[in-house]
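K.L.:
Pasting in a structure now, in structure tokens, and then I'll have a few things to ask.
The values are calculated or read from the model by the stated rules, or taken from the named source; none is laboratory data. As the structure is a computational prediction, the values presented were derived from the model and not from experiment. Positions of Cβ are backbone-derived with ideal geometry, glycine not excepted, and every protein chain shown enters the neighbour counts. The protein model used for the area step is the full one, side chains on, heavy atoms only, and it has no ligands, DNA or RNA in it. Shrake-Rupley method; radii C 1.70, N 1.55, O 1.52, S 1.80 Å.
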Amino acid sequence: MSKKIRFAVLGLGRLGYWHAENLSQRVKDAELVAVVDPMEGRAEQVARELGVAKWSKNPVEIMEDPNIDAIAIVTPTSTHAEMITLAANHQKHIFTEKPITQTLQEADKVIEAIRQNKVLCQVGFMRRFDPSYVEAKRRIEAGDIGQPLYFKGMTRDGGTPPPEFIKHSGGLYLDFSIHDYDTARFFMGAEVTSVTALGSVVHNQYVAEFNDVDQALTYLTFDSGAAADIEASRNAYYGYDIRAEIIGTEGAIHVGGSMQHHDVKILKNNGATYNIIPDFPTQFLNAYLYEMVSFVESLRNNERPKVDEVDGKLALEIAVAATQSYQTGKTIRLDGHTSNSKLA
């Protein structure tokens, strides 16, 4: 495509608004032409703030607009399968927030719709586009640490969502750890063959009502012989704490860990302090922009996105297996997916 890619954004919560703002102001080859949200007055408000001519409460109305090239889906997880299928059937290219769907059966159906309609799809695993993660991947591929042997991931957040969100989220492994599962695949360059998960409710007792946990650990093995452990916590009341470590035969790479929100320290006679990163949007502010820039470049060049619907399904499969492992107390075996390549 030589012209600007014309977008509609579905879902205008905090993250949806950020995507809409980026598309309207910061992605040079994109044009935001419509916004959608079912909440009374929300779409109209955002359209007015961002100077967007078209707004609606009804996604079907937007899908039927022939002037729209692509849809950014930032709606609740439970709606992803329906919205992706609807967009594909209307020949719209698709950016969808993770997870691609809630179940593997739904994932298979949406992948079929995407391929039958010959549209492109990118899944919102924004960490792959964070400059630190991009540099770490480059160094791994350059052989700086030799053969990757072990991945260690940590995602800690203190902002536990309310009961209504937990009820529909799919659980900690699906809603939360799935980013680390995708990151592990990204860094290790291998596919997961087994999943073992443990979990506990250590503070937020109400999550137990939904058979969920607020503290979890997942152990993965890969078809390359490598392994990984991934911690997930909703109990980091000191701030947003995300780290990754890749150990290789010739060295190791650490990503994150400083947690400093600004490069400013306050020194006093009883010690030093600095502001801690408060939440995930602040941590990955640039990554959300860069992932959309990458998607637009894919559309303009008619190339498969860097993280597509197959990546979305593979991360989902790990999350589903982790949930099953926690619930049954058993290790869940996967086949490594070596036959399910992006071009299959």
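K.L.:
Considering only residues that are open to solvent by less than 30 Å² (accessible area, probe 1.4 Å), free of Cβ contacts under 8 Å to residues at least 60 places away in the same chain and closer than 21 Å to Ile84 by Cα, which ones fall in the stretch 4-57?
P.N.:
Those that are open to solvent by less than 30 Å² (accessible area, probe 1.4 Å), free of Cβ contacts under 8 Å to residues at least 60 places away in the same chain and closer than 21 Å to Ile84 by Cα: Gly16, Ala20, Leu32, Ala34, Val35, Val36, Asp37, Ala43, Ser56.
K.L.:
Being part of a strand (DSSP E or B), out of contact with any Pro (no Cβ under 9 Å at 6 or more places or on another chain), under 21 Å from Arg115 (Cα atoms) and open to solvent by less than 40 Å² (accessible area, probe 1.4 Å): is that true of Ile94 here?
P.N.:
yes
K.L.:
Also, I was wondering about something else. Looking only at the stretch 203-249, which residues are of a type in the set (A, V, I, L, M), open to solvent by less than 40 Å² (accessible area, probe 1.4 Å) and outside any strand (DSSP E or B)?
P.N.:
Val207, Val213, Ala226, Ala236
K.L.:
Look at the stretch 75-91 and say how many of its residues are open to solvent by 10 Å² or more (accessible area, probe 1.4 Å), part of a helix (DSSP H, G or I) and of a type outside the set (Val, Ile, Thr).
P.N.:
Going through the stretch 75-91 one residue at a time, the tally reaches 6.
K.L.:
Go through the stretch 283-309 and report how many residues are β-branched (Val, Ile, Thr) and not in a loop (DSSP other than H, G, I, E, B).
P.N.:
Going through the stretch 283-309 one residue at a time, the tally reaches 2.
K.L.:
Go through Ala287, Ala315, Ala321 for me and flag whichever is modelled with pLDDT of 65 or more, open to solvent by less than 10 Å² (accessible area, probe 1.4 Å), touching a helix residue (DSSP H, G or I) at 6+ places or on another chain (Cβ under 6 Å) and within 19 Å of Thr196 (Cβ to Cβ).
P.N.:
Answer to the check: Ala315.
K.L.:
Name every residue in the stretch 97-148 that is among the acidic types (Asp, Glu), part of a helix (DSSP H, G or I) and either crowded, with 20+ Cβ neighbours inside 10 Å or without any contact (Cβ under 8 Å) to a residue 60 or more places away in the chain (or both), in order of residue number.
P.N.:
Passing the criteria: Glu106, Glu112, Glu135, Glu141.
K.L.:
Something else about it: Determine which single condition Ala72 fails, assuming it passes every other condition in (1) in a helix (DSSP H, G or I); (2) touching a Phe, Trp or Tyr at 6+ places or on another chain (Cβ under 6 Å); (3) of a type in the set (A, V, I, L, M, F, W, C).
P.N.:
In the conditions (1) in a helix (DSSP H, G or I); (2) touching a Phe, Trp or Tyr at 6+ places or on another chain (Cβ under 6 Å); (3) of a type in the set (A, V, I, L, M, F, W, C), Ala72 misses (1) alone.
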